[in-house]
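The numbers here are math on the coordinates, done by the rules we state, and not lab data. Keep in mind it's a predicted model, so treat the numbers as computed, not measured.
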Amino acid sequence: MWGGRLDHTVRNAVIVLCCVLFLSACFHDENYPPTANAGADVVASILETITLDGTQSSDPDGDRLTYAWVIADKPENSQVTLLGANVANPQIILDDVGQYVIQLNVSDGEHKSKADFVTITTVDEKPIAVITELSVPNGAHYVAGDTISISAIESSDPEAQNLFYIWEITIKPENSNATLSGTKLLNPTFTVDVAGHYIVHLIVSDGTNLSEAQMMIFEIEGPLRKTDTRPFAEAGSDQPLFSSNSLVQLDGSQSYDVESDVLSYRWEMIYKPENSAAQLISSSSVLPQFTADVLGNYVIKLVVSDVNGESHIDTVIVTPHDTYGLACGDCHNKPQLHLITNDDCAQCHDLAQWNLVTGIFHAHGHMSKPAQCDICHNGTDAHGKDEHHLITDKDCNHCHLKSDLPWKPALTTPVDPAFQHDGIYSGCTSCHNGKIQQGKPAGHMPVSDRCFACHTTEDWLSGLHLEHTVLFDTCTDCHNDVKAKGKPGNHLVTTQNCRDCHQKTFWSSPKLPTVKFDHAGITAPCVTCHNNVKK
């Protein structure tokens, strides 16, 4: 008795174990492919070392990832290579101006992710020209016959590129024959042959960009030094110019004579911007004025005289305040809601006429800017998403190119010509409604299922690959020779639904032995089919 019961118990245990193993095999989780994340786009300078970041890549199964970085595109003359192409944080040293596109794939050992891309855009900033005076005058001032030595040694380039030099004597006395020993030298010289004022300009080039012009003024006396009792001219300190059409007040009141003789004043504008019509008002007074009608450099000289003769020349320079050594922040405070940036105001605003919205491109990839676009692009501080924008928690730069101006729509993305639908949580028809994006075609089958029940977002499949298992309508609603192919001309006459005889997952002909034809519902005589033609 116990033996029979034991056999029965063992048999039941074996059956249960088999069922458990079968169900375990049926419901075993798939190994899903990982997702690569190459990090946010970057704006940087050439010769800068950039550390890439693939640490935000993920695997839905929590598998350990391996990394494969590749330079997909780079400037034509770039010889750059990746330092550590198989680690999460490789480095790249930018060696040329242009765009670098770096591709990242990750693998969990079984599946390889789709590629993700990061774009690095290099900016080539203007070099900076600086004139250095190497010679030292014999006494307080240069006199006619002295040789002056100048240099561009302190000029620089933000990207440390090689510099080329362009020198010019732009102003000199009428009878002077002074020339530079070389207009392209690092350290040229020139001899001041007559008394007067000489203005030398320097522009440097990095091969692509020209610097702003830098100038230096030299005041040359006659052969006699200050051994007589001539007066001394003081034209006042140099002044910053904050905007065009500004009234500039000059002041020669610090001029003096050792014998306290009465002084006469003679002011002269010796340099002004090319398009300026500025003229001195009361040029023989101690306090003349002029209107700086163009934002640029103005040089005014002063000579005073008494009964013993004329003084040496003194000059005052009026120059735009951004080249005067002042940053906007030295005087101006940003409003409380201003975007976070360390750039000087002039990077985005027009100094001549202050504009809140200038259309000037902001280097969005700069580290001093907030990484999340909608911190500023929220519809208040800056233009945000429009009312028809799809619902997504992804940052703007996931689909748009922040390094481009104007802002590119999502038809072209940084990672793929096809729109990346990951991160989109609204239904397909919230965008694919025939208004925002193309919707269902006019002849689409009537179905209430969501689009992705039959189609895939990675590679949009047509009805040729339709998965019929989700459809519950009558087959002939679509297979009617209008929307889809219907019954062939020699099909048997029957009122049954197609799937009574055919499989909708794999369309099978009744000729196949897997189809067990059910004659119920056939109204035609048997010989209609069983006639050695139709079987």
Worksheet item: Using modelled backbone amide H atoms (1.01 Å from N, in-plane), which distant-in-sequence or interchain residues come within less than 5 Å of Asp41's amide H?
Response: Thr119
Practice prompt. Pull out the extension gain between Val80 and Ile15, defined as 0.36 nm times the separation in residues minus the alpha carbon to alpha carbon distance; nm, one decimal.
Written response: 16.9 nm
Worksheet item: Convex hull over the Cα atoms of the range 171-277, averaged projected area in nm²?
Response: 10.2
Item to complete: Give Lys74/Lys114; Lys74/Lys126; Lys385/Lys440; Lys74/Lys440; Lys114/Lys485; Lys301/Lys334 a once-over and call out the pairs whose C-alpha atoms are over 30 Å from each other.
Response: Lys74/Lys440; Lys114/Lys485; Lys301/Lys334
Discussion item. No solvent, one uniform scatterer per C-alpha: report log10 I(q)/I(0) for the range 42-123 via the Debye equation at q = 0.15, 0.24, 0.27 1/Å, two decimals.
Written reply: -0.52, -1.10, -1.32
Response to the item:
In whole percent, the Cα-Cα distances of the range 71-209 spread across 10 Å bins from 0 upward as 10, 27, 19, 14, 12, 10, 6, 2, 0
Worksheet entry | Linear extension gain, Leu134 paired with Glu30, 0.36 nm per residue minus alpha-carbon span | 29.8 nm
